[in-house]
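The values are calculated or read from the model by the stated rules, or taken from the named source; none is laboratory data. Everything quoted here is computed from the prediction, not taken from an experiment. Backbone-built Cβ (ideal geometry, glycine too); neighbour counts: all protein chains shown. The accessibility values were calculated without ligands, DNA or RNA, using every heavy atom of the protein model including side chains. Shrake-Rupley method; radii C 1.70, N 1.55, O 1.52, S 1.80 Å.
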Amino acid sequence: MAIMTLTLAQAQVTPLVLGEKHTMLRLEQSKKYILMPVQETEEIASIAVLDSKNEMVQRLNVKLAVDRVDYWVPYELKGARLMDIEFHGDRRQKGAVGEFVCWKEMRFADTFDTANRERFRPLYHHTPLYGWMNDPNGMFYKDGVWHLYYQYNPYGSQWENMHWGHSTTKDLLHWEAQPLTFEPDWLGSIFSGSCITNGNEVVAFYTSAGMSQTQSMAVSRDNGRTFKKYEGNPVITSDKPDFRDPNVFWYEPTKRWVMILAVGQEMQLYSSADLKAWKYESSFGQEYGNHSGVWECPDLFEIDGKWVLICNINPGGPFGGSATQYFVGQFDGHKFTCESMPKVTKWLDYGKDHYATVSFYNAPENRRVVLAWMSNWQYANQVPTKQFRSANSIARDLGLFTCGEETYVSVVPSKEMLAARGAKVKKPTEACEIVVDMKNQTEIVLSNVKGEQVTMTYDAQKQTFSMDRTKSGDVSFSEAFPCVTVAPTYGSIKQLRIFIDRCSIEAFDADGKMAMTNLVFPSEPYNNIKVKGGKATVYEINY
């Protein structure tokens, strides 16, 4: 896109001041966008957008700038005529509403600059062009293309205004941004959900989050580019306050569609013959696993004859905040039965920054490919980026392994990551893969000239792997960020694969028995590595 420069020489916007906290703004029709200045420390301004008939077409919540501008966000006008804006907070401390800096810096334009302005933006992980992103949604594979939808706020880089964004890729490495998929409607904001392919149609299920949380449906006949919302929405309702994140799949033995839903601290299962009328089947979760937080973002699928139920939880993670737990058992089309004792808790990843894990529907070669949101609700809104917030993990393939009497889910980088491996280099770079051949006691230290470092330690006797990011760089934005994360290895680690991408470190046992994902924010890239008790090889990533 064309680069746009904002200058004070451009004509300023003049608000219609109606009171201490109330303004209106007339919208020009000759430009495509209005560019709104955001100040993240301010309170939300509630904006009603009206058309030429004075009918409200959309509601937005935007932290309009009062005394400084952190960045701009675009609103596409599309026939909008008027913005009715209500500010919140104590205006005696903020000054007169007509003097706010947002009016001096607000612009009408035909372009919006999405060129990267962030030194922490990953190079080979998926990120939104701008704005806030959290949970992966509606992922599916069709006709050689992987589709990723995601929780998205296009009007700021903090959580608000939940839409579905959309990106596509052919190799799980190079992502192409697509137009917005779902905007909030009068049933509510668009929360998490899933997509299935049904002949030539792609059918999306998502949570409408209004006064209550209900489940809605939409249909696409152009491979997921555009959707038409079902006129009979909502398709499932409940009196429970936390009732969300529908995940749908086809169960061949009963010839019915199955939906798994997160409801408080349990998962509920429904079935349907036509995707419209849903029958409650059963619930799972009472006394099983970790219940320190709300259960969210479920998934249910078969691997090698056993069924895996993914249950993301917040809070309650092994090191605080959000994380992904799972259960292994059997499913008969009606009920999931866990094979472990109720108190057994299994984590898919032992880092701080791995949440909302769900899988792609219809992945090729019968693979079970997942992505996770690479952040933590303890500090996701405060990490040191502005233009955008949050990335997704690299794609991972899941399998099963046994240790003792338990069956666990294995996690390995998807084969597309091996295809991206480039030439060997002498030192780590801001975007690379490091392969470490391990011994019984191995210490790996990544560092830079500023003295910032990340220390990873493997102890074969204790069967543990740890990562210390307390000195990794900027850790000041949250007391919950500096930490040491520790994972069981379920046996020995012969080889470790470490993926670095500007602000993240993902470590995997090459055999899949351990995964750990942590964010880092060094002032300079880690360009030095020291290994005690092992040998490291550094590879470029072809991104």
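Among the residues of the stretch 416-446, write down those that are in contact with a Leu (Cβ under 9 Å, 6 or more places away or on another chain) and either over 28 Å from F521 (Cβ atoms) or hydroxyl-bearing (S, T, Y) (or both).
Residues satisfying the conditions are A419, D437, T442.
Among what's in the stretch 328-346 and is among the aliphatic types (A, V, I, L, M) and open to solvent by less than 50 Å² (accessible area, probe 1.4 Å), pick the residue that is farthest from W307 (Cα to Cα). If you could, list the steps in order and put the result at the bottom.
If we filter the stretch 328-346 for residues that are among the aliphatic types (A, V, I, L, M), which is where we start, we get 328, 341, 344.
Among the residues that remain, those that are also open to solvent by less than 50 Å² (accessible area, probe 1.4 Å) are: 328, 344.
Working: V328: 6, V344: 16 Å.
Ranking the candidates gives V344 first.
Just wondering, is there one or more residues in the stretch 241-253 that are modelled with pLDDT under 95, open to solvent by 60 Å² or more (accessible area, probe 1.4 Å) and under 19 Å from S189 (Cβ atoms)?
Initially, the stretch 241-253 is screened for residues modelled with pLDDT under 95, giving 241.
Then keep just the ones that are open to solvent by 60 Å² or more (accessible area, probe 1.4 Å); that gives 241.
Among the residues that remain, those that are also under 19 Å from S189 (Cβ atoms) are: 241.
Yes, the stretch 241-253 has at least one match.
Tell me, yes or no, whether the stretch 514-529 has at least one residue that is acidic (D, E), assigned to a strand (DSSP E or B) and over 25 Å from S414 (Cβ atoms).
Looking only at the stretch 514-529, we keep the residues that are acidic (D, E), and these are 524.
Among the residues that remain, those that are also assigned to a strand (DSSP E or B) are: none.
No, the stretch 514-529 has no match at all.
Could you tell me whether the stretch 443-453 includes any residue that is open to solvent by 10 Å² or more (accessible area, probe 1.4 Å) and closer than 29 Å to L400 by Cβ?
From the stretch 443-453, those open to solvent by 10 Å² or more (accessible area, probe 1.4 Å) are 443, 445, 447-453; that's our starting set.
If we keep only those that are closer than 29 Å to L400 by Cβ too, we end up with none.
No: the stretch 443-453 contains no residue that is open to solvent by 10 Å² or more (accessible area, probe 1.4 Å) and closer than 29 Å to L400 by Cβ.
Of all residues in the stretch 51-79, which are within 18 Å of K31 (Cβ to Cβ), of a type in the set (S, T, Y) and modelled with pLDDT of 95 or more?
Selection gives Y75 alone.
Name the strands (runs of 3 or more DSSP E) wholly within the stretch 33-118 that hold at least 2 residues that are open to solvent by 20 Å² or more (accessible area, probe 1.4 Å) and touching a Lys or Arg at 6+ places or on another chain (Cβ under 9 Å)?
On the way: elements: 33-38, 45-50, 56-62, 71-76, 82-86, 107-109.
Here the list reads 45-50, 71-76.
Which residues, counting only those in the stretch 465-508, are polar (S, T, N, Q), assigned to a loop (DSSP other than H, G, I, E, B) and open to solvent by less than 10 Å² (accessible area, probe 1.4 Å)?
Just the residues of the stretch 465-508 that are polar (S, T, N, Q), to begin with: 466, 470, 472, 476, 478, 485, 489, 492, 495, 504.
From what is left, the residues that are assigned to a loop (DSSP other than H, G, I, E, B) are 470, 472, 476, 478, 489, 492.
Scanning the stretch 465-508 gives S472, T489.
For the stretch 308-320, does any single residue satisfy the condition of being open to solvent by 10 Å² or more (accessible area, probe 1.4 Å), touching an Asp or Glu at 6+ places or on another chain (Cβ under 9 Å) and closer than 18 Å to N376 by Cα?
Yes: one or more hits.
Mind telling me which of the residues S282, S189, S216 ends up being over 25 Å from the mean Cα position of the chain (by Cα) and surrounded by 14 or more Cβ atoms within 10 Å (Cβ to Cβ)?
On the way: S189 fails: over 25 Å from the mean Cα position of the chain (by Cα); S216 fails: over 25 Å from the mean Cα position of the chain (by Cα).
From the options S282, S189, S216, the qualifying one is S282.
Among the residues that make up the stretch 261-272, is at least one of them under 17 Å from Y361 (Cβ atoms), surrounded by 15 or more Cβ atoms within 10 Å (Cβ to Cβ), among the hydrophobic types (A, V, I, L, M, F, W, C) and within 21 Å of the chain's Cα centre (by Cα)?
Yes, the stretch 261-272 has at least one match.
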